[in-house]
Number of protein chains: 2
Amino acid sequence: MSTLGPALLTDHYELTMVRAALRDGTADRRCVFEVFSRRLPAGRRYGVVAGTGRLLELIQNFRFDADEVDFLRRTGVVDEFTARWLTDYRFTGDIDGYAEGELFFPGSPILTVSGTFAECVVLETLVLSVLNHDCATAAAAARMVTAARGRTLIEMGSRRAHEEAAVAAARTAYLAGFGFTSNLAAGERYGIPTAGTAAHAFTLLHEDERAAFTSQVATLGKDTTLLVDTYDIGQGIRNAVAVAGPDLRAIRIDSGDLAVMAQQSRDLLDSLGATETKIIVSGDLDEYAIAALAAEPVDMYGAGTAVVTGSGSPTAGLVYKLVEVEGRPVVKRSERKATIGGRKVAVRRHKPTGTATEEVIVPQGVPDRQPNDRLLQRTYVAGGEVATQPTLNESREHLRQCLISIPWEGLKLSAGDPAIPVTVVPAD
Amino acid sequence: MSTLGPALLTDHYELTMVRAALRDGTADRRCVFEVFSRRLPAGRRYGVVAGTGRLLELIQNFRFDADEVDFLRRTGVVDEFTARWLTDYRFTGDIDGYAEGELFFPGSPILTVSGTFAECVVLETLVLSVLNHDCATAAAAARMVTAARGRTLIEMGSRRAHEEAAVAAARTAYLAGFGFTSNLAAGERYGIPTAGTAAHAFTLLHEDERAAFTSQVATLGKDTTLLVDTYDIGQGIRNAVAVAGPDLRAIRIDSGDLAVMAQQSRDLLDSLGATETKIIVSGDLDEYAIAALAAEPVDMYGAGTAVVTGSGSPTAGLVYKLVEVEGRPVVKRSERKATIGGRKVAVRRHKPTGTATEEVIVPQGVPDRQPNDRLLQRTYVAGGEVATQPTLNESREHLRQCLISIPWEGLKLSAGDPAIPVTVVPAD
């Protein structure tokens, strides 16, 4: 945690480039930078755009204050002239991009930043940090939501991630359809519902489990979740119902063979008359473990590590590439990477039924529109001013609709091709 | 980035536990919580303690301000009495732990937090977030330093991690022995040397590569690094030497088959008289890719994604467990996890030559000391006051010495057992 602004969340070389470009007169050339991913993580069928809302807020606060400029001058990163330019810096260009919650595929131009070279290049690291983290965690979370088949998910991975990344991951998990997070800062900053009752430590603190449950119910009422696996789960459930009565809202199981334990716990709860008491399971759940529990009597899943680490793909592989200088497409040519020069326009094509069939990308032109096309880019910033942006709840609903729109194979957890093909076509 | 303090970087359930414990009178029981890992990431031979310095600073600022308390009361997370307790909160207990830069193994008690139940339990999430992230990235970075065999490493992964996690990862990479980071905030906050010159965008911005190099050298001098792989590497090197002369400090290659390119580039540089010009390679390097380049004429490595994502293990798997209540050891019993009750003391045993042979852990007692034992825990906080802590450079040197002290097999990159065994022995 720091009280510094975001301006130094930047790579050294961006400022040396600005310094040289200011000196040689190229700093003011009109440029277009695009953010895209060359490929999805191995076997993934879609990516999820996330972080845009967070990013726009950071860009609005992207200013170099006196201490920061002084640090850069003192350490020789910049000279006097560049230092003055940094002092006056504010982004005055345009930012367009996919909606937060939109799906993306290899080559999708999810964010387009245009303005002078200098004002755009200094945003590179911040743009990529936010989007690479948030898109990676959102995609993992979205797969878990699919695997949960309508059951509620609670994000509880804060402890397994950098303390600030944890807040961002709680936000993307909610965007992806999780119902709650354990992270209080995410509740405070983004209005996400938070949840949590007790850890094993609370039971261990007391003389015995029954004393711990009695205390918890006395404070939080029967509308609480009792953690029953500190000692013996069967006895834990008996203690829970004995203390709270059959109206207890929920029990949580955090260890053991969850499939077996869920069924046994359901039977035991029912036999004790606690037929409405919910079962929450947690403990290193990822999308595959959640899917494997689909047939078991589980009411809610707690997922943590797999969300905050992107379930095997902790970064989204997004790059920020210069694609246009003064209207002329540019491209790095030393290798066969799929970079295409020029600003791109993207549409998603659909069947009349609403099922997406392909994404069409047109460099430096306008797509030939068909009846069920949806234009994927919107204006986020125009002339440095942030346009209205959707709320987190609207983005959450947008993702939900997008996941309905892709072919059903696209929702499979197994490794496969992207859900729809991306076609790059010349402009009309 | 936020101006909020760290207090809400906390899981909801910690505050509900405090609330119930305040009500039932157990909140003030003297407790000991320990941080340890049940296992290392698959095949890893050691863990690296990192983040302690960052954590202690956060704990010193761990206060619930009026807005935060208001949020917690408004949302029903806490009641009035707990709200008042939070308003007065400051940690008044003790924290002991391994040195930052120390190695750890399964079961090593790397941090011990003792005080009242309530004051210790609210720190759980923050402690684990910081240590899980920082230990994971430090371990990956340390393996890369070993693989680099004395060659300098530059950390450049900021863009692949959450923007604040990036700063922490730059710090752990430096702790692990990297020489530089690209991250300016890490330079400003921690005094880590920063490095960087230009990206491909700078070349693409100009009419041609020669114009870009001319501009860079005019601004930064010959003591700079020219990125030669935007178009054709051979031509790029010729352009670089033509522009800067044979005294050019370095070239960087960011793509292609780096082993082949390094040798060809060295030959070409030498033939152009630039025999002292260094070769820096970058582009998705991890410890294995670095090791594979050992025989090539590479002078410096730039590593990014693999550092910030822990090279396959993005979180260290550390847990924060209640092990003692009012002097009595406690332990969760529902599964066969390797939790041992009671506060533990740890020593590392060595041969007279200095080579470590085992780690000895004694629950609730004092180890039977032998001549070459080293006590692993130190006092970080006593009665809420932070004791002097080592500088980042001292911790860096400590890790360097620790890596020298383990048996040579412990430094192998291949999968294997922990470098030394951990023995839990009863107290004398």
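Residues of segment B:397-412 that are within 13 Å of B:Val145 (Cα to Cα) and open to solvent by less than 60 Å² (accessible area, probe 1.4 Å): B:Leu399, B:Leu403, B:Leu411. Just one of the listed residues (A:Arg84, A:Arg29, A:Arg38, A:Arg19) is more than 11 Å from every other protein chain (Cβ to nearest Cβ) and farther than 30 Å from A:Glu397 by Cβ, and it is A:Arg84.
Inside segment A:348-368, residues that are closer than 30 Å to A:Cys120 by Cα and assigned to a loop (DSSP other than H, G, I, E, B) make up a count of 5. Checked against (1) open to solvent by 10 Å² or more (accessible area, probe 1.4 Å); (2) more than 9 Å from every other protein chain (Cβ to nearest Cβ), B:Ala240 passes all but a single condition, namely (1). Looking for something open to solvent by less than 20 Å² (accessible area, probe 1.4 Å) and out of contact with any helix residue (DSSP H, G or I) (no Cβ under 8 Å at 6 or more places or on another chain) - is there at least one such residue anywhere in segment A:143-158? Checking segment A:143-158: at least one residue is open to solvent by less than 20 Å² (accessible area, probe 1.4 Å) and out of contact with any helix residue (DSSP H, G or I) (no Cβ under 8 Å at 6 or more places or on another chain). As a summary of the residue check, A:Thr26 satisfies the conditions (1) within 28 Å of A:Ala165 (Cβ to Cβ); (2) not in a helix (DSSP H, G or I) except for the one numbered (1).
Restricting attention to segment B:319-336, and to residues there that are open to solvent by 30 Å² or more (accessible area, probe 1.4 Å) and within 8 Å of chain A (Cβ to nearest Cβ), which single residue is nearest to B:Asp96 (Cα to Cα)? My answer is B:Lys321. For segment B:17-24, the count of residues that are in the same structural domain as B:Leu403 (by TED's automatic domain parsing), closer than 21 Å to B:Gly383 by Cβ and open to solvent by less than 10 Å² (accessible area, probe 1.4 Å) is at least one. Test B:Asp79 against the criterion of being open to solvent by 10 Å² or more (accessible area, probe 1.4 Å), under 24 Å from B:Arg189 (Cβ atoms) and within 13 Å of chain A (Cβ to nearest Cβ), and give yes or no. No; evaluated as a whole, the condition is false for this residue. Here A:Arg396 does not qualify as of a type in the set (D, E, K, R), in contact with a strand residue (DSSP E or B) (Cβ under 7 Å, 6 or more places away or on another chain), at negative phi and touching a residue at least 24 places away in the same chain (Cβ under 8 Å). Residues in segment B:90-126 that are in contact with a Lys or Arg (Cβ under 8 Å, 6 or more places away or on another chain), assigned to a loop (DSSP other than H, G, I, E, B) and open to solvent by 10 Å² or more (accessible area, probe 1.4 Å): B:Arg90, B:Pro106, B:Gly107. May I ask you to verify whether A:Ala346 is small (Gly, Ala, Ser), closer than 17 Å to A:Thr112 by Cα, within 25 Å of the chain's Cα centre (by Cα) and crowded, with 18+ Cβ neighbours inside 10 Å? It is true that A:Ala346 is small (Gly, Ala, Ser), closer than 17 Å to A:Thr112 by Cα, within 25 Å of the chain's Cα centre (by Cα) and crowded, with 18+ Cβ neighbours inside 10 Å.
Scanning for something of a type in the set (S, T, N, Q) and touching a strand residue (DSSP E or B) at 6+ places or on another chain (Cβ under 9 Å), does segment A:241-263 turn up at least one residue? Scanning segment A:241-263, I find no residue that is of a type in the set (S, T, N, Q) and touching a strand residue (DSSP E or B) at 6+ places or on another chain (Cβ under 9 Å), so the answer is no.
Considering (1) more than 30 Å from B:Thr10 (Cβ to Cβ); (2) touching a Gly at 6+ places or on another chain (Cβ under 6 Å), the lone condition that A:Asp88 does not fulfil carries the number (2).
The numbered conditions (1) open to solvent by less than 10 Å² (accessible area, probe 1.4 Å); (2) of a type outside the set (Lys, Arg); (3) assigned to a loop (DSSP other than H, G, I, E, B) are all true for A:Glu14 except (3). Checked against (1) modelled with pLDDT of 95 or more; (2) assigned to a loop (DSSP other than H, G, I, E, B); (3) open to solvent by less than 60 Å² (accessible area, probe 1.4 Å), A:Glu276 meets all criteria but (3).
Filtering segment B:378-402 to residues that are among the polar types (S, T, N, Q) and outside any loop (DSSP other than H, G, I, E, B) leaves B:Thr379, B:Asn393, B:Ser395, B:Gln401. On the basis of being within 14 Å of chain B (Cβ to nearest Cβ) and at pLDDT 95 or above, does A:Asp94 make the cut? No. Pairs linking a residue in segment A:79-107 that is of a type in the set (D, E, K, R) to a residue that is open to solvent by less than 10 Å² (accessible area, probe 1.4 Å) and assigned to a loop (DSSP other than H, G, I, E, B), with Cβ atoms under 8 Å and 6 or more positions apart or on different chains, are A:Arg90/A:Phe62; A:Glu100/A:Val49; A:Glu100/A:Ala50; A:Glu100/A:Gly51; A:Glu102/A:Val49; A:Glu102/A:Ile110; A:Glu102/A:Leu376. One residue alone among B:Ala306, B:Ala316 is under 21 Å from the mean Cα position of the chain (by Cα), in contact (Cβ under 8 Å) with a residue 40 or more places away in the chain, in a helix (DSSP H, G or I) and buried (at least 21 other Cβ atoms within 10 Å of the Cβ), and that residue is B:Ala306.
Does A:Arg63 fit the bill of being open to solvent by 70 Å² or more (accessible area, probe 1.4 Å) and outside any helix (DSSP H, G or I)? When the stated conditions are applied, A:Arg63 passes them.
Every condition in (1) in contact with a helix residue (DSSP H, G or I) (Cβ under 8 Å, 6 or more places away or on another chain); (2) away from chain A (no Cβ under 14 Å); (3) open to solvent by less than 40 Å² (accessible area, probe 1.4 Å); (4) not aliphatic (A, V, I, L, M) holds for B:Arg266 except the one numbered (1). Criterion applied to A:Gly47, A:Gly43 was being in contact with a Phe, Trp or Tyr (Cβ under 6 Å, 6 or more places away or on another chain), more than 11 Å from every other protein chain (Cβ to nearest Cβ) and among the small types (Gly, Ala, Ser), and the one residue passing it is A:Gly47.
The values are calculated or read from the model by the stated rules, or taken from the named source; none is laboratory data. Predicted, not measured: the structure shown is a model, and the values here were computed from it. Glycine gets a Cβ as well: all are built from the backbone with ideal geometry, and neighbour counts include every protein chain shown. Accessible surface is based on the protein model in full, side chains and every heavy atom, while ligands, DNA and RNA are left aside. Shrake-Rupley method; radii C 1.70, N 1.55, O 1.52, S 1.80 Å.
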